[in-house]
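Notes to accompany the following structure.
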Amino acid sequence: MRARYAFALAAGLFLTGLARDQADDWLAATRLPPLALDTSVEVTDRHGTLLRAYTVADGRWRMAVDLDQVDPAYVAMLVAYEDKRFYTHAGIDPVAMARAVAQALRHGRVISGGSTLTMQVARLLEEGTTGEVGGKLRQMRVAMALERRLTKNQILQLYLQLAPFGGNLEGVRAASFAYFGKEPKRLTPAEAALLVALPQAPESRRPDRAHARAVAARERVLARALRDGIVPDHLAQGALTEPVPHVRRPFSALAPHLADRARADNPALARHGLTLDAALQTALEALARDIVATQGERVQLALVVADHTSGEILASVGSAAFQADARAGFVDMTTALRSPGSTLKPLIYGLAFDQGLAHPETLIDDRPMSFAGYAPQNFDHQYRGTLRLREALQMSLNLPVVQLLDALGPSRLLAALDKAGVEWVIPGNQPGLAVGLGGIGITLTDTVQLYAAIARGGMSLPLSWRLEGAREEGQRLLSAAAAWQVGDILAGLAPPPGAPANRLAYKTGTSYGHRDAWAIGYDGRHVIGVWMGRADGTPVPGAFGADVAAPVLFQAFSRLKPRLDPQPAAPAATLLVSNAQLPQPLQRLHSRQAGLDSNAPAVAFPPDGAEVELLSGSLMVRVAGGRAPFTWLADGVPVLVQDRARSALLSLPGTGFVTLSVIDATGKSARARVRLH
């Protein structure tokens with residue numbers, strides 16, 4: 001065996017001495033192994049931090065790496081220790097070969113190898129062995145062919161991706177994550193020395209299995225680096241005392257549900273850049289684990305955080321743990337269809353404000369009612385009598401919001417959800433008044449998208465989780481004034497016990513049978529949604545959104561930032577008055593079904609969707625039906641009050657889209673959206 005090895009080394013010396021013409025022809029005919037490596041698919045956050053990586057097809061960790069991603073001191077230490085003439089030889093080092101042959105013949109055994117880094121790359125590319133003469137000669141030929149076709153940096157990069165580090169670890173980047181939990185960009189001298197030493201005997205020097213051998217191998221590399229002046233004496237002495245890890249660290253597996261979705265969405269992509277923030281994702285995944293640990297064994301939690309100014313999702317926690325357990329943690333609850341409970345109520349109120357049906361100070365009755373046989377009740381089966389709409393929304397009463405939805409019509413609510421980009425499902429596909437109380441299926445992510453639109457002044461913007469790609473503005477969902485009124489009401493809601501007293505605009509919800517507990521909130525920049533329940537949809541007795549989800553919402557905001565961003569000021573068109581100062585039709589809302597009432601008013605001119613021209617800043621309008629006097633509103637702001645004529649000339653502020661509303665003496669209303677020139 002030793003003789004064969006010496007013969008192979010001697011043959012290498014012979015190969016280096018071939019005539020140039022012979023060598024050129026011989027090397028040109030060399031068939032190289034594939035140089036395009038299969039590397040781990042990676043998912044990274046907005047800063048390039050690794051969120052999750054996947055093994056290659058054969059189960060190995062082999063991560064793509066460039067030279068500029070590796071600490072220069074490691075590269076210098078590697079070349080000095082493994083192949084100090086790497087940058088000058090042509091694939092085979094004649095000096096090293098001659099020394100290895102002489103030592104083998106003199107001692108009767110192999111003292112040192114003659115393999116260059118290029119020869120090691122040749123062996124790793126072909127997964128060959130070093131013990132057979134034929135294999136050694138093949139490595140020499142491939143090494144010289146590689147040197148003629150690749151640059152030194154390209155060869156070195158192949159080594160950095162292929163070098164074995166024990167178990168299923170290949171390449172310096174995978175090893176750096178596994179043993180040190182970080183990128184190899186800024187290795188300490190001790191860490192660099194260990195990673196130089198491991199590929200020489202990856203299994204017998206694994207620090208997690210042969211710790212003492214790993215320590216000894218690291219010391220030899222450090223001694224050589226000190227001798228060669230790569231590591232200063234004071235750093236080398238400190239490196240000798242730096243602990244060598246005893247275990248392998250798990251690879252990052254943050255945002256596993258969204259990472260899987262990204263990979264399935266584009267399987268050919270090697271690197272997926274997401275809008276998430278790794279630090280925030282880590283903090284919220286830890287929060288989710290802590291919360292469910294105090295709940296029943298099947299209770300699950302999901303969280304979505306977004307920047308509503310940009311539409312970017314900053315954190316997405318699909319479950320408290322990605323595993324097949326009693327909580328069904330492998331199910332992504334951010335995308336599961338669930339009943340939203342009361343979380344659609346703010347949208348209904350906003351639509352009523354926008355269309356001139358009501359105002360936050362409008363009075364409404366909270367009492368038992370029947371709507372064509374549908375008789376909803378409040379969650380606590382209590383009734384509060386007459387109160388302001390502001391209070392009704394803050395108390396999340398059911399009868400007031402059903403009255404508003406009855407006046408609006410369920411189809412108008414669904415159209416608003418469509419504008420917000422919300423995908424919804426209604427059992428039986430028959431929309432009724434129950435949709436306002438949760439009789440509809442939507443996802444947590446879409447619910448956050450809806451609240452983001454309200455937070456943005458009523459303008460929708462689809463949420464996104466990929467970094468690349470242009471983002472287009474969505475449709476207007478509410479007027480800026482109506483959106484602000486909703487936010488002002490929600491910001492006045494008292495925080496949960498123990499939570500900071502701040503102006504977080506939030507709403508909770510509990511679905512029928514306590515199957516879903518929700519809390520959605522926003523400030524001047526961010527919106528967070530929380531869902532709690534069981535993945536299989538079975539009830540969680542006693543679970544209310546206000547009790548279990550709202551505290552998590554406030555904790556999530558505290559992990560996002562130290563203080564809230566302020567809510568915007570009221571738009572100029574916002575009507576900020578008391579109930580007594582409201583136009584008479586807006587002072588009190590009477591239960592009605594305006595859409596079915598033949599005596600209800602209708603905007604006769606201009607018709608809905610029309611484009612009309614202003615004359616000296618005024619617009620002629622006409623109302624049909626209804627009972628005088630009439631109040632006209634433009635984008636929710638009264639412009640003509642208690643007018644008895646059916647035709648009127650309205651003074652309007654400018655051109656563009658405007659929503660005209662007319663309210664008659666009985667409180668019935670109609671609207672038309674037109675474009676003014």
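What follows is calculated from the coordinates using simple rules that are stated; it is not laboratory data. Every value quoted in this text rests on a predicted model; they were computed, and no experiment measured them. Reconstructed Cβ throughout: ideal geometry from the backbone, glycine too, with neighbour counts over all protein chains shown.
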Rounded, prolate or oblate, given the Cα gyration tensor of the stretch 37-78, with a/c below 1.5 counting as rounded? oblate
If you wrap a convex hull around the C-alpha atoms of the stretch 163-252 and split its volume per residue, what is the figure in Å³? 85 Å³
Among 549-561, 363-375, how do they line up by average Cβ neighbours within 10 Å per residue, starting with the highest? 549-561, 363-375
Name the residue from L461, A569, F554 whose Cα lies farthest towards the positive end of the charge dipole of the stretch 461-584, charges +1 on Cβ of Lys and Arg and -1 on Cβ of Asp and Glu. F554
Both in Å, the radius of gyration and Dmax of the C-alpha trace of the stretch 196-348 are 23.4, 76
Would you work out the charge dipole size for the chain about its Cα centre, treating the Cβ of every Lys and Arg as +1 and the Cβ of every Asp and Glu as -1, and quote it to the nearest 20 debye? 1380 debye
How would you rank 60-69, 499-508, highest first, on the average number of other Cβ atoms within 10 Å across their residues? 499-508, 60-69
Whole-number D in µm²/s for the chain (Stokes-Einstein; Kirkwood sum over Cα pairs; 37 °C, 0.692 mPa s): 110 µm²/s
Can you tell which of P653, V215, L337 lies farthest toward the positive end of the dipole of the chain, using +1 and -1 charges on the Cβ of basic and acidic side chains (Lys, Arg; Asp, Glu)? V215
Could you compute the FRET efficiency for V95 and R466, with r as their C-beta to C-beta distance and R0 at 56 Å, rounded to 0.05? 0.60
For a quick protection proxy, order the peptides 136-142, 33-39 by their average other-Cβ count within 10 Å, most packed first. 136-142, 33-39
Identify all lysines with a Cα-Cα distance to K182 below 27 Å; exclude those on the same chain that are fewer than 8 residues away in sequence. K152, K561
Three-way shape call for the stretch 346-489 based on the alpha-carbon gyration tensor, with the a/c threshold at 1.5: prolate
Taking one equal scatterer on every alpha-carbon of the stretch 592-676, how large is log10 of I(q)/I(0) by Debye at q = 0.16, 0.22 1/Å? -0.54, -1.00
When the charge dipole of the stretch 163-252 is computed with +1 on Lys and Arg Cβ and -1 on Asp and Glu Cβ about the Cα centre, the Cα farthest towards its positive end, among I230, V196, V247, belongs to V247
